[in-house]
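Heads up: the structure comes next, in structure tokens.
What follows draws every value from the coordinates through simple rules; no lab data is involved. What you see is a predicted model, and the numbers here were worked out from it, not measured in a lab. FYI the Cβ positions are ideal-geometry reconstructions off the backbone, even for glycines, and counts take in every protein chain you see.
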Amino acid sequence: QRLSKRRARQEESGAVAGARSFGDLPALRDFEMMKTAMEALDLPNPFFRPHSGVAADTTVIGGAEYLNFSSYNYLGLNGDPRVKAAAHAAIERYGVSASASRIVSGERPPHAALEAALAAHYGTEAALCLVSGHATNVTVIGHLMGPRDVILHDATIHNSCVEGARLSGAKRIAFAHNDAQAAERELAAARRGAARALIVIEGHYSMDGDVPDLARFVEVARRHDAWLMVDEAHSVGVLGPRGQGIFELQGVDPAGVDIWMGTLSKTLSSCGGYIAARRQLIDWLRHTAPGFVYSVGLAPVLAASALESLRVLAEEPWRVARLNGNATRLRDALRARGLDAGASGGHAIVPLMTGSSIRAGRLSAELFARGINVQPITFPAVPERAARLRFFVSSEHTAEQIDRTAAVVADTCAGLAPVEMAG
Ligand code: PMP
């Protein structure tokens, strides 16, 4: 009632009722211009499409079934009966929310069980789970580093690491993608003026699907007394014969990495992020990291789902072999048709370089019309000339689905008008 009285007074005095406009925000204006440009091209919006069930090798959108290459359900564990049973049991026992920060009243047994399993996975002393992978990188990097420090990261590192670095106030240096030599050069130059140094890389790059030379980064970090942090979001369940990650793929001792980071949202078919490291670091983060202390605990059902997914992963490594076989098959089939699959290592992520955002958008729209769901990655997520489609392959795809996809993609690319190809 008080609100409506105030509004009546505003109207009487001629003041405009309602919230202030955001229209003078430059970034918002840029966004609206981009939206208008997309509408002018008459492309359907590929974002926020609701899927009506579990998205695996196929998915249902708007009542129609599509071949799906847009989910991180790498090993088909989202929807697995064992994972669902673990989730149901956790809901029965704990409900659906932790209902508080873990430091006060949000701690439940699945948290410690999952953290012990993750620490065992990397052979570290301890691990800590947070509510999302993004929040994990932001809060951990932001909390660990400060204005007197330097952070070096791969030029294509995930946004969450960049945001964490910005939050920290540390000097931030991006080095050329996967170039350990460039990282060393930059580090050598910046190290003397910095109190501490942190190198951040990914174990399997989410845009290109390639991997770093981990041993070389371990050496660089050691030589210059820097910490090395590896984001394994797309590596767990993907790299190495048992899907343990980049250290298993390349036979590198995981103890050479100071901070292992990962997400629960991809292979582990849940939601959340984690850090695995020395107990000293984990204990400090548990008691002081803002995104952990001042945020709700991971929902127990999500911890239980991720834990069961980890167990299934350890028990069924054939899923990893099937995933890698499928990704390699798709990459090679695209290349055999003269298409550019970028630097993909053939693990789970296969880009199709299109050279322009418009071409990526058009290709995605045409493929959707032909029953294939694959997202375009456009500027500003990548530089304009690096626009692409990005295929997330799953162990659940069949060879027939992969071959059919490559054929339809090649046919669709060939059919795009040259003027559109130029973007
Ligand atoms: N790191 C990388 C490399 C990622 O690709 C992502 C998400 N795609 C994240 C962190 C954030 O993880 P989450 O989606 O679990 O928040």
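A few remarks follow.
- In terms of other Cβ atoms within 10 Å, H224, H397 run from fewest to most in the order H224, H397.
- Here the spin labels are modelled as points 7 Å beyond Cα on the Cα-Cβ line, and at Q250 and K5 they lie 6.8 nm apart.
- Helical contribution to [θ] at 222 nm, DSSP H n ≥ 4, -39,500 (n - 2.57), averaged over the chain, rounded to 500: -13500 deg cm²/dmol
- Max mean-square fluctuation residue, GNM over the chain, Cα-Cα springs under 10 Å, options T58, T267, T398: T398
- Packing-based order for 146-157, 170-181, using average beta carbon neighbours within 10 Å, highest first: 146-157, 170-181
- Each label point was placed 7 Å from the Cα along the Cα-to-Cβ direction; for A64 and T36 their separation is 3.1 nm.
- Taking a ≥ b ≥ c as the square roots of the eigenvalues of the alpha carbon gyration tensor, the chain is rounded, as a/c is under 1.5.
- Between amide H atoms placed 1.01 Å from N, distances below 5 Å from A126 occur with A277, R279, all of them 5 or more places distant or on a separate chain.
- Charged side chains reduced to their Cβ positions (Lys and Arg at +1, Asp and Glu at -1) give the stretch 289-400 a dipole of some 420 debye around its Cα centre.
- Of all stretches in the chain that contain no GluC sites (Glu not before Pro) in a DSSP loop with at most 15 other Cβ atoms within 10 Å, the longest one is 126-423.
- Average Cα contact separation per residue, the chain, under 8 Å, 6 or more apart, as relative contact order %: 20 percent
- Pair E125, F22: separation of 7 Å Cα→Cβ label points (nm): 4.4 nm
- Normalised by 2.2 N^0.38 Å, where N counts its residues, the alpha-carbon radius of gyration of the stretch 81-315 equals 0.98.
- For the chain, a simple Cβ point-charge model (Lys and Arg +1, Asp and Glu -1, everything else neutral) yields a dipole of about 1100 debye relative to the Cα centre.
- Chymotrypsin sites (Phe, Trp or Tyr not before Pro) restricted to DSSP loop in the stretch 15-78 with at most 13 other C-beta within 10 Å: F22, F47, F48
- Between the stretch 76-101 and the stretch 25-45, the Cα center-to-center distance that results, in Å: 39 Å
- Amide H to amide H distances under 5 Å link L75 with S395, where only residues 5 or more positions off or on other chains count and H is placed in the peptide plane.
- The H on the amide N of A174, modeled in the peptide plane, is under 5 Å from the matching H of H153, each at least 5 residues off or on a different chain.
- For the stretch 280-374, applying the loop criterion from DSSP together with a ceiling of 15 other beta carbons within 10 Å to the chymotrypsin sites (Phe, Trp or Tyr not before Pro) yields Y294.
- FRET efficiency for the pair A399 and A89, taken as 1/(1 + (r/R0)^6) with r the Cβ-Cβ distance and R0 = 30 Å, rounds to 0.25.
- Cα centroid separation, the stretch 317-383 to the stretch 269-309 (Å): 32 Å
- Vicinal HN-Hα couplings computed from phi for the stretch 345-351 (Karplus, 6.51 cos²θ - 1.76 cosθ + 1.60; Hz; Gly/Pro x): x, x, 9, 7, 10, 10, x
- Lys/Arg +1, Asp/Glu -1 at C-beta; the chain dipole; positive extreme among H287, A276, H111: H287
- 3J(HN,Hα) along the stretch 175-191: 9, 4, 3, 6, 9, 5, 5, 5, 4, 5, 4, 5, 5, 4, 6, 8, 5 Hz, from the Karplus curve 6.51 cos²θ - 1.76 cosθ + 1.60 with θ = phi - 60°, whole Hz, x for Gly and Pro.
- The stretch between D332 and L416 holds 28.1 nm of extra length on full extension. This uses 0.36 nm per residue minus the Cα-Cα distance.
- Note on the stretch 222-260 and the stretch 112-143: Cα centroid distance 14 Å, given to the nearest whole angstrom.
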